[in-house]
1. Quick one: what do you get for chain D if you divide its Cα Rg by 2.2 N^0.38 Å?
2. Stretched out fully, how many nm does the piece from residue C:119 to residue C:364 gain, at 0.36 nm a residue minus the Cα gap?
3. Among E:64, E:113, E:157, which one shows the biggest mean-square fluctuation in a GNM of chain E, springs joining Cα atoms closer than 10 Å?
4. Hey, if you drop one equal point scatterer on each alpha-carbon of chain A and run the Debye formula without solvent, what base-10 log of I(q)/I(0) do you get at q = 0.13, 0.14, 0.16 Å⁻¹?
5. Could you tell me the relative contact order of the range A:89-165? Use alpha-carbon pairs under 8 Å, at least six residues apart, and round to a whole percent.
6. So which DSSP H runs in chain E come out at 18 Å plus along the axis (Cα) with average Kyte-Doolittle of at least 1.0?
7. Evaluated at 25 °C with a viscosity of 0.890 mPa s, what Stokes-Einstein diffusion coefficient in µm²/s does the range E:199-290 have when Rh comes from the Kirkwood expression over alpha-carbon pairs?
8. Please compute, for peptide B:304-316, the average count of beta-carbon atoms on other protein chains lying within 10 Å of each residue's beta-carbon.
Amino acid sequence: MALLEVEEVFVRFGGVTAVAGVSFAVDDRQICGLIGPNGAGKTTLFNVISGIYRPTEGRVRFAGQVVTGQPRHRMAPLGLGRTFQNLALFRSMTVRENVLAGAHSAGHAGFLANALRLPAARREDAAAAGRAAQLLAMLELEAVADVPVADLSFGTQKRVEMARALICGPKLLLLDEPAGGLNHGEVDGLAELLRDIRARFDLAILLVEHHMNLVMRVSDKVVALDFGRKIADGTPEEVRSDPEVIRAYLGDGGSHAHAA
Amino acid sequence: MSAAEQTAAVPLRRPETTVAGWQRAALLLAGLALAILPAFLLESFQLFQLTMAVIMALAVLGLNIVTGYNGQISLGHGAFFAVGAYVTAILMSHLDWSFWATLPVSAVVCGLVGYGVGFPALRLGGLYLALTTFSLAVAVPQILKHKAIEDWTGGVQGLFLVKPDPPSWAPFDPDQWMYLVAVLVSAACFLLAWNLIRGRIGRALMAIRDHPTAAEAMGMDIATLKTRAFATSAMITGIAGSLSAVAVEFVAPDSFTFALSISLFVGMVVGGVASILGSLFGGLFVLFVPNIAETVSKAAPGVIYGIILIGFLFILPDGFAGLLRRLYARARRGAG
Amino acid sequence: QQAPGVTANEIRIGSTNALSGPASSYSVISRALTAVFKRQNDQGGIAGRQINFIVYDDGYQPPRTLEQTRRLVEQDRVAFLFNQLGTPTNSAIHRYVNQRKIPHLFLATGADKWANPKEYPWTIGWQPSYRTEAQIYAKHILEQKPDAKIALLYQNDDFGKDYVNGVRDVLGPRFDAMVKLASHEATDPTIDSQIVSLQSTGADALICGIIPRFAAQAIRRVHDIGWRPLMFMTNVSVSGAVVMQPAGPEKGIGLITSDYRKDQSDPAWANDPGMNEWRDFMRRYIPDGELGDNNYTYAYGVASTMLQVLRQCGNDFSRENVMRQATNIKPLDVATLLPGVKVQTQPNNYNVIRQMQLQRWDGRSWVRFGGVIEGANV
Amino acid sequence: MPMLLEAKGLRAGYGPTHVLHGLDFLVEDGGVTALLGANGAGKTTTLRAVCGMVKTEGEILLGGENIAGWATEDIARRGLAHVPDGRGTFMELTVEENFRLGAYVRRDREVQADFERMWAWFPRLRQRWKQQAGTLSGGEQQMLAIARALLLRPRLLLLDEPSFGLAPLIVQEIFGIMRRIRAESGVGILLVEQNANLALELADRAYLLETGRIVVSGPAAEIREDEAIRRSYLGY
Amino acid sequence: MEGLAHQIIAGIATGGIYAAVALALVMIYQATHHVNFAQGEMATLSTFIALSIIQAGVPYWLAFLATIIVSFVIGVVVERVLMRPVQNAPVLTHVGVFIGLLLIIGNGTGWIFGYTTKAFPSPFSSEQPLLGGLVSAHELGSTAVTLGVLVLVYLFFRHTSLGLAMRAAAYNPRSARLVGVRVGWMLALGWGLAAAIGAVAGMMVAPVVFLDPNMMLGILLYAFAGALLGGIDNPAGAVIGGFAVGVLENLAGAYVVGTELKLTVALAIIIGVLVVKPSGLFGRVVTSRV
Ligand SMILES: Nc1ncnc2c1ncn2[C@@H]1O[C@H](COP(=O)(O)OP(=O)(O)OP(=O)(O)O)[C@@H](O)[C@H]1O
Ligand SMILES: Nc1ncnc2c1ncn2[C@@H]1O[C@H](COP(=O)(O)OP(=O)(O)OP(=O)(O)O)[C@@H](O)[C@H]1O
Ligand SMILES: [Mg+2]
Ligand SMILES: [Mg+2]
């Protein structure tokens, strides 16, 4: 059974149909690329999977359980982590605090336990702090750990989001354009990192990215959308050579544009 | 990029000091000693003023939890202050409870009221919430006066009560004792609030303020956290209300008009939004600055107060806490 | 023999008032009192001593009243307290001053609880209580129309509620059957809705316990909707200049009030020696004061009373003696009070002004009718 | 004839932190200058400095006139358009209103014609004409930001990662558009772009930034060819 | 039944007052994204100025015009002098400054002009009361003026590029600068216009409620509620909201709870409506997505 199953999902905003009957699945430990032209509905689909939008029709199964209609905050404890296309950091907080905030769903201490600093709360805090330190090191954020995120450059902020999404040890990580704002070298590094993350954290990744090079390199499979419909689903090679995908998305010079 | 991003809702926080456990304990003790000292140095009238300032600071702290840290603007915290004061006053004057016994009741009642207010607050943001809470501030005096509960509240005439007596073993006069009570209760609340803010919940409250959608994606249950933040905040402000009832030994609807809510809000802004220590300064400001204004001009002290307030905000737009943060940053740069 | 707040050449007197905030319209009282004391000082003071009148702002907030009063008593060490403003504010210090035995004199509030020498011997009011005034109106109505339906419009605070209590005193068990109530908040913009409601009850008498702005509105609106009840207005809100002229003087014809003060805008007092004394004072000491504001005549009256007490003290300004003199004032005429209305106190009767007289607006001025009524005995 | 843009000893920072430590660079009339460098090198800050969004020291000559210290709006009125990172569209307003604002300072009669040009380039935006900009997809917003900047009819265009979030096809188109406007109307471009290959292909001059200093500068073609530079600074 | 009709008519008359002030709030909101809590006090100050001008013997409409101009200038000056220095400060600091402003203007007005209640002339002086005395010619006239102002405000924001620029500056000052909008002046202009509208409101309100320094204290709350009920970004909504609050409040007082709690109940109803429609009845829903 697949980890994530998207079944016949439709999303309409007034007159606009952003997602029109998309189905696909992501297996455990799989890296799945999600590509498509601008406005194809990728981010919308992400928002459906992570529970931010409720689909007009269709449903999403995660780890065997139908999660459509669940409250939004239930997704993280189930093992879903995500980053955002346009950065959604807690701007007044430092890098470390942002990452620690990501550990929220791993903890249980409530108002009283926190106010009284009960041992359980302290243990939780210490554990989270330890994991945060590891992740900061791994993502090379140690130097800026105590800087408010608003003071960081765009690319650095993207990495903070990644750390924040990882700290809870999700089973599925949704990454919305993680390579945005990275240069060639950094993109290569990112590819390594993604594989590394999968190995270390034992998770699956659903990756939205316009950086074809990256997608093709790391993905086990790729799903392509256009105008909200799925136009291709297969191995990177299959999708890359799919005429529909070339027409709608890559263009003839597609490989040229983002090739390195 | 939205406007909100440019003028962040709150000043960006610089990293907190990291001090070792024993240092913290030493600091805490020193602070407590410093707080207790005035009881033996000041005249009783000044002590009364300081008592009121501490009480205001505690009320501002409550407001800061929900507005400063959690970003839910409340212009009506005077209402919780009033509820706390009345709970204590009613229990003491009608049922002859001791002051100490009324405190937990007052905290619980205020917490419940705050929890209730938290629900519409879930749906309403920004100005809409400001209106809602402000309405609460405006409505509370009317409700207190209402004939249905007049027998309990004393209607427009209010209720009288008495300060808690100093314990027989203690060599304190009632004013000193009242001050110590206020300091101890407040110190306990400040400490708990400090713990709360530094921990998992505090981070969640701030995260929700900064980016609710991302907060939800991190597994934060916004509805629960926000309503509980409101309850906690109301509880703290309500305890301040209880203290004020015994310190003044009188409650009446006119003690809790919306002017009180405005005062608390001013205290929060000048102290520093989302700052625990700032709340303390805010309490001192709203208590003492009106008196300073008055010494400048008897003809229109309100005008002077307004001028001082605006002038203060010109110099320290992020409040007293902002000054502390800058001094701290400079000290650190100097050292490092 | 050193009494607190009194030295060989100074007597310190303390007061609080709303110098800031929404109630600051009353701050002119403090201003006028200060001016009267200044005039007294210019004339040599009292028993060779200058009066030092200290006023602090309480913003009409009871906790601040306590704070400021304590400052006056404990820090400034005033001899006594005089004419502090407001009912809730004075309530907040009622016990404090009585425990400390500090004279708490001639308060600027018309609640009747200040005349309670048994429990609170150190506190004494000045003006006739609103409750007494309401009693007078209720009695008058019963005389004129024994089975009247009475509408009562009041401000929802201690001031307004005293009118409800006064009417209830007179009507007793008949109150609920005879009286229809409507209240408003001080912050309401208009009271049209209340008036429409009261009219629709079919009432034929209307008593108003409301402040000047609403009084002007009420007089105008009642007239405009063609309602012609027997209408009574609290004497707080009957100034010719501030209420009747804005409302439209012809719209108030027939309106009844009972006052103890002379209305300075009434031509009848144009050449009155008492009012001339007041005008002379205003000209010399408060040249920019608004002559239409009857807080000035009020203040002049209460300050005159205070000076009388101080004169009576001789050379003994101890708190006990000040209180003794304040509660032993022989019937006294005061410049700004109506003829026949006296200031007087006895140790067992703290109602300083007990008389009032009904008067009716004739479109230009107030016309007194009936005799002087002894309110406290109603 | 003066350069379109010339920065001399440009320094800038945020509050007490200094980010740029004295940069000198040029943009020729109708020329494209690329600014490259790793995350946090100060590229964005450089663009912000040029259009007066951060406090600066040093000289910034726009057509020979020193605009250092000017207000952003005055610089914009001198014909400098900026597509900032994070896009800088008006999220709460409609696409149409964003267009109108783009042409806000213009008084000529060709605004409508320019609208139509943008529609032709970005048909998506026309489809979303009455939609609130904040509901556009990331790439659509980027198109809107670029259209908005072009509607100013700038002399100098500052672009902060214009390819960000755009699908490969659109990226090609945008770079095509840049070539065209540069050729047709002599617009100069100061370009920050992570895709160094693409940027260097378009640019005629390039600067490499490292922690607020220029470490390499020269004709774009040379840098593109220079294997060593590519390896050590551009990572490919 | 007649009573009900009378209550509604009286409510509409009072609602006109709220609507006028609500418009000024919408104006300042569109221009700055704040609600200026000192708006009422500023309007009162303007009205006192108007009275002084009229008492100096200037004909009403000339004084009206002069007051609008003076108020506009006051608004601009307040923005330049008091708001400018805290332009980049956190949002709540602005609220702090509004409170300071409220204290200064509120207390200053009484201090300068005195506290006594004053009559303020109406330009629509027909002594003939209408609809059984429930509505005066003045109330009809002032409603017409309010509607006139509404049309102007509406046209300004929807159909002028200045109006658009002003909204843009409020939403996103940084981007607005990038397209050449002089954000500083937009804010100042917004304050000026809001003050001018406030002055009109004050001059329309004062003949009904009489002029004193606290005239607007309660009105502002109702106007605030009305503006939010209708939708703070929609001038027409704010006006409708203002009228609705007037009627609602009267009906609540007359038929639901009695007058002692009418304010409380009216506010509770408004909040109830807002909980269902969080951006007001006619407000635009601004979606933000991630
Ligand atoms: N709230 C909304 N109202 C109307 N249209 C919307 C809304 N949200 C999204 N859309 C439209 O739905 C379409 C899909 O948007 P989505 O963000 O999912 O695209 P995407 O595939 O992520 O594109 P990109 O690669 O540019 O990020 C877009 O055309 C967008 O304009
Ligand atoms: N608002 C800010 N406040 C304080 N420091 C900032 C701010 N913005 C950026 N910085 C700092 O300035 C330096 C340069 O940032 P800048 O955004 O210019 O980098 P960049 O080259 O554009 O990087 P990227 O490729 O990630 O966008 C970084 O160290 C960053 O932390
Ligand atoms: Mg997207
Ligand atoms: Mg950048």
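Bear in mind that the values in this text are calculations on the coordinates, not laboratory data. Note that this is a predicted model, so its numbers are computed, not measured. Note that each Cβ is placed from the backbone with ideal geometry, even for glycine, and that neighbours are counted across all protein chains shown.
1. 0.98
2. Length difference between fully extended and current span is 83.7 nm.
3. E:113
4. Once normalised to I(0) and log-transformed, intensities are -0.85, -0.97, -1.24.
5. It rounds to 54 percent for the range A:89-165.
6. Long hydrophobic helices here: E:2-32, E:60-78, E:91-113, E:137-159, E:183-209, E:217-230, E:235-251, E:262-276.
7. Estimated via Stokes-Einstein, D reaches 174 µm²/s.
8. Counting other chains' Cβ atoms within 10 Å and averaging over B:304-316 gives 6.
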